[in-house]
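Here is the structure we will look at.
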Amino acid sequence: LHIININLSSNRATHHHRSTMMATMATRYQRMTQALALALLWHAKSTSAFAPSLTKSSPHHGYFGAGIQPSTLQHNVMPLPLDGATSLIDSSTQTISFLNQLNESILTMDQSAAEQLAGPFFGASLFPYLAFLFFLNVPENETPRGVTVGFATILLFVFLTIPAAIAAKVWYDVSLADCDWLHGSAESLLTMTNLVTVVAFRQALSYKEQEQNGNTNVNIPESYNSYAPMVKLVGGLTVLAAFTAFVPALAGAQVHTPYLGGFMDLPSSQIPWVATHPEPENALTIACWIIHVTSLVEFLVAMGFCWRWAEISDNPRWKGLTWGLLPLHTSGITACTYHLLYNSIPVLVPLQAFLTCLGNTTAMYAAYRIAISNGWSAPWGEIPLLNVSNDDSDEYAGVITVDSQSLVGFEDLGDALAEDNDYSFILKLFAGCAIGSYVVKYGEVWFDFPFESDLNVALAFIFVPSLLNGFKWFKRSKDPTFEGWF
């Protein structure tokens, strides 16, 4: 690089017409030289190989140690100030040290610290969700009433989970996730929420599709125009969930008493390979796994129904709600991953809380866009960052919807089981999730990773399927014949 600079200086008189271009090149080379020098300074300081040469007490030592004197450097190469470089290296060292400490604190975070960190996120997530329900239920949207009840029932799950968590802490000094019978009873409310949403959406879609196909004899489902049917369903399921909690409590259940008595679990004597990796005491029972897996699948089905409702209602903003619900599905995957690894990575708890807060916010914005697109006017006026004009171009314009004949994604279960009545639909849904739960519970003990508490493995389980899920919806927005992988 120095030779190039010398040549540029000596030939400037004879090559005047190239001077501007060559001067620019020289400047770039000088900057590259300075960057290389700074990189070597960093390496020298980090390895201490040239520490004496980099101190202020050695002013005649050049960038690379005692072998090069400052006077030997080309005069048109601007030298790096040694004090500034050393200060930059010190700052970088401190930053890297802080990041290492942060990483170590994340990996060694205990359950108590994780719950304290998650608390504010869970608390803050309530407000955007209330706004989401408000925007979803504005009259202009004509949202099926039963769907609104389904989404609103999540509040019941939130408020009734609080006393269950307090009981687990007071009675057994453990988190709710480590007390199977309380955990299963509380999480069943979430499954109930998603189930009500799916059933109401399914009924409304069936009615609308038949109406558009010219069937004049189709009956309007009660859940389409009334809250009452789904409110009654929620009430009955809540009583059932309460029964599964109060009976063990009155019977003197212990911390690891299995949910529903573990009646679906296989006896360990019949599965000798479990001895290779015996399950910890806090392992979920089959019934509890079914609740978690069903919640994930139901939520995917609901996302698919939002996508279909966009086509039925001729309003593509409903597809935005599918996108808005995506972080909430990732939050559910995070919870399942936490249990898959036997609750051994506490940092996943605040991660789930953050994703819940993020998902509630994106769902709120999606519902706001739907309301604005349907002609609703906000009483507080326009908000520049949130305003969505009715005249916005349709991002899905020109896309031709083609009916698919095969089933690949879980979100397409509504299509695949469209001919079933509500009861057979629910039965098949739970049967499929039960099979998956057996595979998860008794399949993971064949592997080492669930017992190694590896954060990288946990993050892979969370974000790989989430990214594939997001990419699937992106591809489907461009090509409706694309179905995805799961």
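Annotations
- Hits in the range 200-217 - residues which are open to solvent by 10 Å² or more (accessible area, probe 1.4 Å) and part of a helix (DSSP H, G or I): ARG202, GLN203, SER206, TYR207, LYS208, GLU209, GLN210, GLU211, GLN212
- Residue check for ALA164: part of a helix (DSSP H, G or I) and surrounded by fewer than 24 Cβ atoms within 10 Å (Cβ to Cβ): yes
- Only residues that are in a helix (DSSP H, G or I) and in contact (Cβ under 8 Å) with a residue 12 or more places away in the chain were counted in the range 94-119, giving 9.
- Within the range 334-348, the set of residues being out of contact with any Cys (no Cβ under 9 Å at 6 or more places or on another chain) and farther than 19 Å from TYR129 by Cβ comprises CYS336, THR337, TYR338, LEU340, LEU341, TYR342, ASN343, SER344, ILE345, PRO346, VAL347, LEU348.
- Listed by position, the helices (runs of 4 or more DSSP H) enclosed by the range 394-486 that each have at least 1 residues that are at pLDDT 90 or above, surrounded by 15 or more Cβ atoms within 10 Å (Cβ to Cβ) and of a type in the set (Val, Ile, Thr) are 422-443, 455-478.
- Residue in the range 187-194 that is closer than 30 Å to GLU311 by Cβ, β-branched (Val, Ile, Thr), under 22 Å from the mean Cα position of the chain (by Cα) and at pLDDT below 95 present: yes
- Of residues in the range 221-239 being hydrophobic (A, V, I, L, M, F, W, C) and closer than 17 Å to ILE426 by Cβ, the one surrounded by the most Cβ atoms within 10 Å (Cβ to Cβ): MET230
- Set side by side, the residues GLY375, GLY381, GLY359 differ, and just one is on the phi > 0 side of the Ramachandran plot and either free of Cβ contacts under 8 Å to residues at least 24 places away in the same chain or open to solvent by less than 10 Å² (accessible area, probe 1.4 Å) (or both), which is GLY381.
- Per-region count, the range 300-328, residues touching a Gly at 6+ places or on another chain (Cβ under 7 Å) and modelled with pLDDT under 95: 3
- Search result, residues across the range 167-186 that are open to solvent by 20 Å² or more (accessible area, probe 1.4 Å), touching a Leu at 6+ places or on another chain (Cβ under 9 Å) and of a type in the set (Asp, Glu): none
The values are calculated or read from the model by the stated rules, or taken from the named source; none is laboratory data. Values in this document were obtained by computation on a predicted structure and should not be read as measured data. Please note: Cβ atoms are built from the backbone with ideal geometry, for glycine as well, and neighbour counts cover all protein chains shown. Note: accessible area is taken over every heavy atom of the protein model, side chains too, but ligands, DNA and RNA are not part of it. Shrake-Rupley method; radii C 1.70, N 1.55, O 1.52, S 1.80 Å.
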